[in-house]
Structure formats: C-alpha cells, structure tokens
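First up is the structure itself, then whatever we jot down about it.
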Amino acid sequence: MLAKEFAAEYMATLSQFLREEKAAGKLIYPAGADIFSAFNLTPFNAVKVVILGQDPYHGPNQAHGLSFSVRDGISPPPSLQNIYKEMSADLGTPPPCHGNLETWAKQGVLMLNSILTVEHGKAGAHVGKGWECFTDAAISQLNSACDNLVFLLWGKKAQQKCSRVDPHRHRIIMSAHPSPLSAHNGFFGSKPFSKANDYLVSHNIPPIKWSL
C-alpha cells in the first residue's frame, strides 16, 4: 500500500541523505535491515492498534524499528518503564524484565515512530528529512483502508498526526507522553490498554494480550 511512497521524490532525497551520513562516518540507528521492522512485523491487514512514537532511541543497540521497544538484553529506557507501570496499574499485570515489544507487534500493534532513523546520541537529528511524509502517508492509508483501529497518541508530537484519523471510523486515545518529564501530567491513570481492548471487543475484534 505504500509502494508509491518509495518511488516519491522525497524518498530519493531521504535515501541520499542517509547514504551521505553513513559515508561521513556517522552512526545511524536502527540498522538498515530494521528500519521498516514495524511494517514487516505488523502488515496493514493485521493492524488493530497503532502506537505512535517520535524517533528511535539514539543509544547503542537500543533501536530495532519498533517505537518504544528495545532489543533483548537492553534495559527498558525510562519511557518504556513508565509504559509498563501504567500497564500494571491498568491491567494488574507484572512489569516484564525486558523491553522487547515484538510480541505486541505480532498481535497487530503497529509500533510506528514519526521519524524512522536517528544519529547516534542526537535525538531528533533526522527531523525534517522526509520521514514525516512517509509516516503521514502510512497513517492516512490505515485510516482509509481499515476500520475500527485504535490509535494511541502519546504526547504532542504524536497528536499532530490526529488530523489524519477519522474519529468516527476509529478510536483515538490521547494522553501525555510516557517520558519521565511528562508522564505525571496525564499518562499515568489514562488506562490506554484496557480502553483499547474494550473498543476492539465492542467491534468483535480479538483483544491484545498486553502481558509480556
């Protein structure tokens, strides 16, 4: 469904930018093979829930193509720890000891970042390079091609995508970002996991097993 985006001029410009950054010796995360992992693990026809993040983690061995998720063996970063705290409070499930969210992805949770690459140690380094066009297109396609999706939009950056989602066709659940800087301003207590499942069940869609 996104084939035409890969042929777009902005994508050619973005690809050239990434090649030049790597040629200059800059470390780019995630690895090339993982950039589109969210789409590979959760194809459009399997999507039930969309969790929208900002850009990938910018530390070594963290990012692997799923928003908020980290590879096995890497300690959950603070935002993910807060997601686990809210999940435990919402559902009564114990927080896992790992940060790999592939289990969610394989159940239909599209964990998408607005920006799909980042430079080592520089959060937001690839903002404005073209990824926004690609992820805008992805959300617009999901909005028009699917019914009864749940969009979890955490923080102002994610909520900027809200205009691309028809609230009469899908469920939009917004709150503060789970970052330690903002989680106490409305993320904690927002119950996104139970709300998402309640909506899915009300439309005869199997719920997500959030426990990891």
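The values are calculated or read from the model by the stated rules, or taken from the named source; none is laboratory data. Keep in mind the model is a prediction, meaning the values are calculated, not measured. Counting neighbours? That spans all protein chains shown, and the Cβs are built from the backbone with ideal geometry, glycine included. All accessible areas refer to the heavy atoms of the entire protein, side chains included, with ligands and DNA or RNA removed. Shrake-Rupley method; radii C 1.70, N 1.55, O 1.52, S 1.80 Å.
Taking θ = phi - 60°, what integer Hz values does the Karplus form 6.51 cos²θ - 1.76 cosθ + 1.60 yield along the range 52-57, in sequence order, with x for Gly and Pro?
After applying 6.51 cos²θ - 1.76 cosθ + 1.60, I find 9, x, 9, 9, x, 4 Hz.
Considering only protein heavy atoms, what is the solvent-accessible area of S202 at a probe of 1.4 Å, reported in Å² to the nearest 10?
80 Å²
Using a Förster radius of 22 Å, what is the FRET efficiency between Y10 and K122 based on their Cβ-Cβ separation? Nearest 0.05, please.
My answer for the efficiency is 0.55.
Indicate the gyration tensor shape class of the range 82-158 (rounded, prolate or oblate), computed on the Cα atoms with a ≥ b ≥ c the square roots of the eigenvalues: a/c under 1.5 is rounded; otherwise a/b larger than b/c is prolate and the rest oblate.
Note, shape of the range 82-158 comes out oblate.
May I ask you to derive the relative contact order of the chain, considering only C-alpha pairs under 8 Å and at least 6 residues apart, and to give it as an integer percent?
Across the chain, relative contact order equals 24 percent.
Angle check, please: helix 78-91 long axis (alpha carbons) against the longest principal axis of the chain (alpha carbons), in degrees 0 to 90, nearest 10.
That helix lies at roughly 20 degrees to the long axis.
Taking the Cα atoms only, what angle lies between the long axis of helix 9-23 and the longest principal axis of the chain, rounded to 10 degrees?
70 degrees
Output the 0 to 90 degree angle, nearest 10, between the alpha-carbon long axis of helix 131-145 and the longest principal axis computed from the alpha carbons of the chain.
Its long axis makes an angle of about 40 degrees.
Return the sequence-ordered ³J(HN,Hα) values of the range 95-105 in whole Hz as given by the Karplus equation 6.51 cos²θ - 1.76 cosθ + 1.60 applied to θ = phi - 60°, using x for Gly and Pro.
Rounded to whole hertz, the list is x, x, 9, 10, x, 8, 9, 4, 4, 5, 4.
Find how much the distance from A89 to N204 grows on full extension, using 0.36 nm per residue of separation minus their present alpha carbon separation; answer in nm with one decimal.
Length gained between A89 and N204: 38.9 nm.
At 37 °C and a viscosity of 0.692 mPa s, what translational diffusion coefficient does Stokes-Einstein give for the range 120-160, taking Rh as the Kirkwood radius over Cα pairs? Give it in µm²/s as a whole number.
In µm²/s, the coefficient is 271.
For Q54, which sequence-distant residues (separation of 5 or more, or a different chain) have an amide H within less than 5 Å of its own amide H, given hydrogens modelled in the peptide plane?
Result for Q54 returns S114.
Gain in length, A31 to K156, computed as 0.36 nm per residue apart minus the alpha-carbon separation, to one decimal in nm?
Result for the pair: 42.3 nm of gain on full extension.
Once you have a ≥ b ≥ c as the square roots of the Cα gyration tensor eigenvalues for the range 1-134, tell me rounded if a/c is under 1.5, and otherwise prolate or oblate according to whether a/b is larger than b/c.
The shape class here is oblate.
What residues have an amide H closer than 5 Å to that of K48, excluding those fewer than 5 places away on the same chain, when H is modeled at 1.01 Å from N in the peptide plane?
V109, L110
Read phi for every residue in the range 158-172 and hand back ³J(HN,Hα) as whole Hz from Karplus 6.51 cos²θ - 1.76 cosθ + 1.60, θ = phi - 60°, with x for Gly and Pro.
Result, ordered by residue: 5, 5, 5, 7, 4, 5, 8, 10, 7, x, 7, 9, 9, 9, 10 Hz.
Tell me whether the range 113-212 comes out rounded, prolate or oblate; compute the Cα gyration tensor, take square roots of the eigenvalues as a ≥ b ≥ c, and use a/c under 1.5 as the rounded threshold.
Because a/c hits 1.5 or more and a/b fails to exceed b/c, the range 113-212 counts as oblate.
Just read off the accessible area of R164 with the full protein assembly in place, 1.4 Å probe, to the nearest 10 Å².
R164 has an accessible surface of roughly 90 Å² with all protein chains in place.
Quick one: which residues, 5+ away or cross-chain, put their amide H under 5 Å from the amide H of S179? H built at 1.01 Å from N.
Hits under the 5 Å cutoff: none.
Counting heavy atoms of the protein chains only and a 1.4 Å probe, report the per residue accessible area for the chain as a whole number of Å².
That works out to 46 Å² per residue.
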